[in-house]
């Protein structure tokens, strides 16, 4: 007798084994270590930490290794790991104005206090495959003799944020701390509901899939939203993370984390109550994640359309559209659940389609129009 | 069997308590969707995480668990979810509907009648029955609050006008306790009548959409319809090709390369 496809436990165990083999690849090739991933695939680690909402380069590298480089899968692994961790305390707000900078650029001012600092970036590389990297194990690494590198490695003074400089003139909107400085909405503990406040929005965007966010941001530049953005500033570096334990009552330092911050300034024509000024969009990501931080700041600003009295016409301006579809765990899970069996639903549809076809055929046969049959006949 | 490195039923106790509170609220307001702080589970969203979280928060060491998908105990995902609970709780599992204390299901209600004391946990992909008509949650929430269900009835009426019949065959909307319209999850409408006045507690978990809702025992569950076009369930012309059943939901099985097929009673019935 024919047996419908069913997956027994043995089949699942076999699938695990095949997956492990495929992940490891050719045994003659040395195994990749977690340290190698966190050192040499740094940007992948940063993305996984950002969207995985865990600042832990080692665990992010482990997730990347376990997922064979599928970053969305790695993000899933890290999120599932963090989901049941206890929430012990909230840290103090980080001060990016005191960031130890590795990179800082502004598109709005040529020269500014603290200067422009290119730092490590692919921005000015010519995208030609570097075949010298093919020679594994013998590559000498960076050219340590280069004269510039000595000065480039020296730590830099903290520089004020561009947005704060503009603020002195009142040209940029203030984003004051809300009254009473309420605890922020916690997306990892509470369900997202609409209308969502700014803290929920920024958390959602920070965890959002980079590809989705990038496309949403891009759409605002192509007419699907009112947008005239300038990069006020992008900065990447480390900031100190502090905590005030209740039982101590004073601040202790937990260490430094690397973050990328983007402040986008947008023209705003003003309203009846507000004078013309620049509005802001904000982006923040763990590690070095400029594409993500920039996309986030554009979408953050676009989502404020209603708040600023702009006409809402495009998807990137619609909070429910953006925030309900931004999470890669949700979208990847639900799109891929279509692989699961749907025999029963499909069977129900088959039965309906056959019934409707039969009714149509009968109608065609006896279709000498005596009296038109209404739907309720 | 149980992996002692993992907390009992995976979730920490605080999370379980939060979910139980949501369940209690859901039971108190039959058919109302209670938002809850759904967690990322080690299985993907859309693959039963809502049902898994509900089961994880109610399961105890003396429970007897049954897991089905499409009415079958041995489809891949059912096997995987059952393995998850065996690994994290060590509880006994069964394929026997009458013996189970908790039955987690996707897309079917067991054909063996349930009894008092049993809990049926549904995995729900889309908890909002009006989402395909009105995607904004802000709006559908209002419609529920005002019991303004015209949208739903117009949708069913349009089916009648276009096709002469209601073209929804699964996830067929129901009115619970005369108050809330509810998505029964993608069970075939064939199963809808089983929800009505069922002696078992029916819990619905939507992990991705972060909602829990419930139908308490002996609660009225009415499938929507019109006086002149009452709700009706699927019927088959032939009986089951294997056991001859005429009262079962029939699955079709393709038997040769030319698309030949035979119908068989669903496993939900045959395993009992």
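Just so it is clear, none of the values below were taken in a lab; they were calculated from the coordinates. Keep in mind that this is a model prediction, so the values were computed, not measured. Here Cβ is always computed from backbone atoms with ideal geometry, including for glycine, and neighbour counts include all displayed protein chains.
Some notes on this structure:
- Shape call, chain B: gyration tensor on alpha carbons, a/c limit 1.5: oblate
- Each principal axis of the Cα atoms in region A:65-135 has its own extent, and those three values, largest first, are 47, 44, 21 angstrom.
- Taken over region A:9-60, the alpha-carbon convex hull comes to 101 cubic angstrom per residue.
- The shape of region A:186-241 can be summarised by an equivalent ellipsoid whose semi-axes, obtained from the alpha carbon gyration tensor, come to 23, 20, 11 Å from longest to shortest.
- Folded to 0 to 90 degrees: helix A:9-24 orientation relative to chain A principal axis, Cα: 40
- Cα-based convex hull, the protein assembly as shown, per residue volume (Å³, whole number): 237
- Gyration tensor (alpha-carbon) shape descriptor, region B:1-122, a/c threshold 1.5: rounded
- Cβ-based exposure ranking for B:194, B:142, in which fewest neighbours within 10 Å come first: B:142, B:194
- In chain B, the DSSP beta bridges split such that about 55 percent are antiparallel, to the nearest 5.
- Considering region A:259-358, its Cα convex hull presents a mean projected area of 10.8 nm².
- When you restrict to C-alpha pairs under 8 Å that are six or more residues apart and normalise by the size of chain B, the relative contact order lands at 23 percent.
- Grouping the Cα pair distances of region A:196-342 into 5 Å bins from zero gives a pair-distance distribution of 2, 9, 16, 18, 17, 12, 10, 8, 5, 2, 1, 0 percent in increasing distance order.
- Axis angle, to the nearest 10 degrees, between helix A:210-221 and the longest C-alpha principal axis of chain A: 80 degrees.
- Inter-chain Cβ neighbour count for A:193-202, averaged per residue, equals 1 (cutoff 10 Å, partner chain atoms only).
- Dividing the summed -39500 (n - 2.57) terms of all DSSP H runs of n ≥ 4 by the residue count of the protein assembly as shown sets its mean residue ellipticity at 222 nm at -10000 deg cm²/dmol.
- Stokes-Einstein diffusion coefficient of region B:119-272, Kirkwood radius over Cα pairs, 37 °C, 0.692 mPa s, in µm²/s: 190
- Share, in percent, of DSSP beta bridges within region B:68-205 that are antiparallel, nearest 5: 30
- Once C-alpha pairs closer than 8 Å and six or more residues apart are averaged by separation and normalised to the residue number of chain A, the relative contact order reads 16 percent.
- Counts of other chain beta carbons within 10 angstrom of each beta carbon in peptide B:167-180 average 2.
- Arranged from fewest to most other beta-carbon atoms within 10 Å of their beta carbon, A:322, A:100, A:34 become A:100, A:34, A:322.
- The alpha carbon centroids of region A:194-252 and region B:59-125 are separated by 42 Å.
- For B:47, B:236, the sequence from fewest to most other C-beta atoms within 10 Å is B:236, B:47.
- In plain terms, the bigger the Kirkwood radius, the slower the diffusion; for region A:1-106, with that radius from Cα pairs, at 37 °C and 0.692 mPa s, Stokes-Einstein puts D at 194 µm²/s.
- Inter-part distance where region B:141-184 and region A:55-82 are each reduced to a Cα centre, Å: 42
- 10 Å Cβ neighbours from other chains, averaged over peptide A:327-335: 5
- The mean sequence separation of alpha-carbon pairs under 8 Å and at least six residues apart, normalised by the residue count of region A:21-129, gives a relative contact order of 17 percent.
- Chain A - Rg over Rh from alpha carbon coordinates, Kirkwood radius: 1.08
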